[in-house]
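What follows is a set of notes on a single structure, which appears directly below.
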Amino acid sequence: MKNPNVAFDSDAVALMGRAFDDAWKQVAAAGSFSSADSESDAKMLIAELIMNAAAGGQRDYQQLMSIALRNGQRLPTDRAL
């Protein structure tokens, strides 16, 4: 995370969790992972993208999802999203 000194309230944590879960469902459905490591790396990247956006003040669910999915080309899958 770009700013490790950011604290999130319970509403922000719930929003980030929901955005992560829903983004991951779409990524997992679209990509195949060659190893457990690449799947783990993809999850970490999605989480980082969402947390960085939230740390910057983003609190819109659709925007958090969009940020995570828009950067899907960086995910370590065997096929592009």
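Some notes on this structure:
- Looking only at residues in segment 30-51 that are modelled with pLDDT of 85 or more and of a type in the set (G, A, S), the one that is nearest to the chain's Cα centre (by Cα) is A47.
- Output for segment 26-43, where each listed residue is surrounded by fewer than 11 Cβ atoms within 10 Å (Cβ to Cβ) and part of a helix (DSSP H, G or I): A29, A36, D37
- Sole residue being in contact with a helix residue (DSSP H, G or I) (Cβ under 7 Å, 6 or more places away or on another chain), at pLDDT 95 or above and part of a helix (DSSP H, G or I), chosen from A14, A54, A23, A68: A54
- Here is the figure for segment 1-17: residues that are within 10 Å of the chain's Cα centre (by Cα) and of a type outside the set (G, A, S) total 1.
The values are calculated or read from the model by the stated rules, or taken from the named source; none is laboratory data. These numbers were taken from a predicted model, which means no experiment stands behind them. Heads up, the Cβs are rebuilt from the backbone with ideal geometry, glycines too, and the neighbour counts pull from every protein chain shown.
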